[in-house]
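This report concerns only the one structure given below.
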Amino acid sequence: MRSRTANRSGIVIRRRVTPAGDIIVTLLTPQGKLKAIARGGVKGPLSSRLNLFHNVGVQVYQAPGNDLASVKQAVLEGALPKLAEPERYAFAHLMAEFADALFQEGEFSEQAYDLFAGALRGISHQYDPEWVALVMSYKLLGLAGILPQTARCARCGTPDPEHPDPLGGQLLCRNCAALPAYPPEALDFLRGVVKRTVRASMDAPLPDDQRPALWKALERFVTVQVGNVHSWRQLVPFASA
């Protein structure tokens, strides 16, 4: 008989407190996304351990007929205190919501876990957390297999498009576009970010004035292909400017 108790290690990417004082958390683990409830957790030691971005080891129990597993124990395995800084928290929250939207419960993806963990470390430690978040957002998108079309115009199929698509977040040719072309550096980023290593992208950051257009393209593409990610508008206001 399969055991209903399991031990998992993962990062808290979503946390919600219910009126009854329970804590519902979503963890991104090497075995996939896990959603569980810590009953009465607000009044106990689990409250401080099951915080956003904490790396925790949990013991969960899946009761028969219950959709949510119950958290029986939680041990803090790692934390990144600098993520509480306002200029870093916004990007960490964006990455957490993005990962939650991209990956499904029970879907195995050790790569997703490693990439997300690396994104949080970069946002915590690097001097340019915005660039880390932008690069790693595109890398997570590539890992999920949901990629913008960059080789051909999203409307007519003309090769080598250079213009933003304001509706779908992809690339358009001159004849289909209403907006000016991307600068060469931004085009190079869009066409190569998924294939390049993270280190190579981090060593070639784009100027600040070119980033809002890339955030906007990413937001529009994800909204159309995956669903709305609220953090772009709530926590990164320039992305929707």
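Quick look at the numbers
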quantity: Options 157, 168: the member that is under 22 Å from the mean Cα position of the chain (by Cα) and either assigned by TED's automatic domain parsing to the domain that holds residue 212 or hydroxyl-bearing (Ser, Thr, Tyr) (or both); calculated: 168
quantity: Verdict on residue 34 being under 16 Å from the mean Cα position of the chain (by Cα) and in contact (Cβ under 8 Å) with a residue 60 or more places away in the chain; calculated: yes
quantity: Filter result (over 26 Å from residue 231 (Cα atoms) and outside any strand (DSSP E or B)) within segment 62-85; calculated: 62, 63, 64, 65, 66, 67
quantity: Any hit, segment 8-29, residues being part of a loop (DSSP other than H, G, I, E, B) and in contact (Cβ under 8 Å) with a residue 24 or more places away in the chain; calculated: no
quantity: Condition met for residue 91 (among the aromatic types (Phe, Trp, Tyr) and more than 21 Å from residue 220 (Cβ to Cβ)); calculated: no
quantity: Residues (more than 18 Å from residue 225 (Cα to Cα), assigned to a loop (DSSP other than H, G, I, E, B) and in contact (Cβ under 8 Å) with a residue 40 or more places away in the chain) located in segment 86-138; calculated: 106, 107, 108, 109, 126, 128
quantity: Residue list for segment 176-230, filter: under 18 Å from residue 126 (Cβ atoms), buried (at least 17 other Cβ atoms within 10 Å of the Cβ) and hydrophobic (A, V, I, L, M, F, W, C); calculated: 189, 193, 206, 214, 215
quantity: Segment 156-199, residues that are closer than 23 Å to residue 132 by Cα, part of a loop (DSSP other than H, G, I, E, B) and of a type outside the set (S, T, N, Q); calculated: 169, 182, 183, 193, 194, 195, 196
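Residue-by-condition table, conditions (1) surrounded by 15 or more Cβ atoms within 10 Å (Cβ to Cβ); (2) in the same structural domain as residue 211 (by TED's automatic domain parsing); (3) touching a Ser or Thr at 6+ places or on another chain (Cβ under 6 Å); (4) modelled with pLDDT of 95 or more:
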| residue | (1), (2), (3), (4) |
| --- | --- |
| 25 | yes, no, no, yes |
| 48 | no, no, no, no |
| 58 | yes, no, no, yes |
| 62 | yes, no, no, no |
| 86 | no, yes, no, no |
| 99 | yes, yes, no, no |
| 105 | no, yes, no, no |
| 110 | no, yes, no, no |
| 133 | yes, yes, no, yes |
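The values are calculated or read from the model by the stated rules, or taken from the named source; none is laboratory data. This one's a predicted model, so the numbers in the text were calculated from it and none came from an experiment. Glycine also receives a Cβ, built like all others from the backbone with ideal geometry; neighbour counts cover every protein chain displayed.
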